[in-house]
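The values are calculated or read from the model by the stated rules, or taken from the named source; none is laboratory data. None of the values given here were measured: they were computed from a predicted structure. With ideal geometry, Cβ positions are generated from the backbone for all residues, glycine too; neighbour counts draw on all protein chains shown.
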Amino acid sequence: MVINVKAIKYKKADSTHIKMVYLIRNNPLVRKELICDGDINYLQHIEHYNKMLEDRNYSIYVMYYGSWIIGFYNVIVDRNKKEVEIGYKLSPTFWGKGLGKIMFRDSLSKVKKLYPKYGIILTVFKDNEKAVKIYKSGGFKLSGAKKVRDRLLYTMKLHNLKSNI
């Protein structure tokens, strides 16, 4: 599949996206890369999702490829620490096509505009080598690590907010 970058669009999530976000988040391959990897039922998801939509410190942006929702990223703002954490979820159907890198680039651009004086952090498992490589190419550096389910989880921080990817 050749990716037409012009076909990629983002929309701030609302209640119409709840089912697709659930299906992507609950995919076993995606869950494996989450810190909280447990299966949640749809009713639990609806309750959690609605709380996130109401929280001014939390945003979800849905990634469209044409008319398909293929992933999303979430932004968590910690105003006390002046940090923003970004998390990425992409449907496994679209893995290996460069869309993760595009989502990463686009989300960084948006977050830098919205929170120009905040640090940006993310977490990623060490063995997710493609993601680690993408994040490093965007200027992120390792700032911590801990064991989660017998895997090493990195915390990475963007030290140069002017970095270009």
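For the structure I just gave you, tell me whether residue 111 is farther than 22 Å from residue 30 by Cα, aliphatic (A, V, I, L, M) and in a strand (DSSP E or B).
The answer is no for residue 111.
Search segment 128-159 for residues being among the aliphatic types (A, V, I, L, M) and assigned to a strand (DSSP E or B), and hand back the single one that is nearest to the chain's Cα centre (by Cα).
Out of the qualifying residues, it is 156.
Identify, from the list 87, 66, the residue that is on the phi > 0 side of the Ramachandran plot and in contact (Cβ under 8 Å) with a residue 24 or more places away in the chain.
66
Across segment 67-107, what is the number of residues that are among the acidic types (Asp, Glu) and under 14 Å from the mean Cα position of the chain (by Cα)?
Number satisfying all stated conditions: 2.
Within the group 148, 62, which residue is among the β-branched types (Val, Ile, Thr) and within 19 Å of residue 21 (Cα to Cα)?
Matching residue, one of 148, 62: 62.
Quick check on this structure: which one of 69, 102 is assigned to a strand (DSSP E or B) and not hydroxyl-bearing (Ser, Thr, Tyr)?
So the residue among 69, 102 that is assigned to a strand (DSSP E or B) and not hydroxyl-bearing (Ser, Thr, Tyr) is 69.
Consider residue 86 against the criteria (1) under 23 Å from residue 38 (Cα atoms); (2) surrounded by fewer than 19 Cβ atoms within 10 Å (Cβ to Cβ); (3) at pLDDT 95 or above: it satisfies all of them except one. Which criterion is unmet?
Result: residue 86 passes all but (2).
Please go through segment 49-63 and pick out each residue that is in contact with a Phe, Trp or Tyr (Cβ under 7 Å, 6 or more places away or on another chain) and under 13 Å from residue 11 (Cα atoms).
Residues satisfying the conditions are 60, 61, 62, 63.
I'm trying to understand the selection: among the residues of segment 16-38, which are at pLDDT 90 or above and exposed (fewer than 15 other Cβ atoms within 10 Å of the Cβ)?
Within segment 16-38, 16, 19, 23, 28, 29 meet the criteria.
Take residues that are over 16 Å from residue 71 (Cα atoms) and tell me which of the helices (runs of 4 or more DSSP H) falling wholly in segment 16-55 contain 2 or more.
Ranges flagged: 42-54.
For segment 148-165, enumerate the residues that are at pLDDT 95 or above and charged (D, E, K, R).
If the condition is that a residue be at pLDDT 95 or above and charged (D, E, K, R), then 157 is the only one that fits.
For residues that are within 18 Å of residue 101 (Cβ to Cβ) and charged (D, E, K, R), scanning just segment 112-136, find the one that is surrounded by the most Cβ atoms within 10 Å (Cβ to Cβ).
112
Enumerate the pairs (first residue in segment 95-108 and hydrophobic (A, V, I, L, M, F, W, C); second residue anywhere and at pLDDT below 90) with beta-carbon separation below 9 Å, excluding pairs fewer than 6 apart on the same chain, so at least 6 apart or on different chains.
Filtered contacts from segment 95-108: 99/3; 102/3; 102/5; 104/165; 108/163; 108/165.
Look through 150, 78 and report the one residue that is surrounded by fewer than 16 Cβ atoms within 10 Å (Cβ to Cβ) and either farther than 21 Å from residue 55 by Cα or touching a Cys at 6+ places or on another chain (Cβ under 7 Å) (or both).
150
What are the residues in segment 80-99 that are within 18 Å of residue 8 (Cβ to Cβ), part of a strand (DSSP E or B) and out of contact with any Lys or Arg (no Cβ under 9 Å at 6 or more places or on another chain), if any?
Once the filter is applied, which keeps residues that are within 18 Å of residue 8 (Cβ to Cβ), part of a strand (DSSP E or B) and out of contact with any Lys or Arg (no Cβ under 9 Å at 6 or more places or on another chain), segment 80-99 yields 86, 88, 90.
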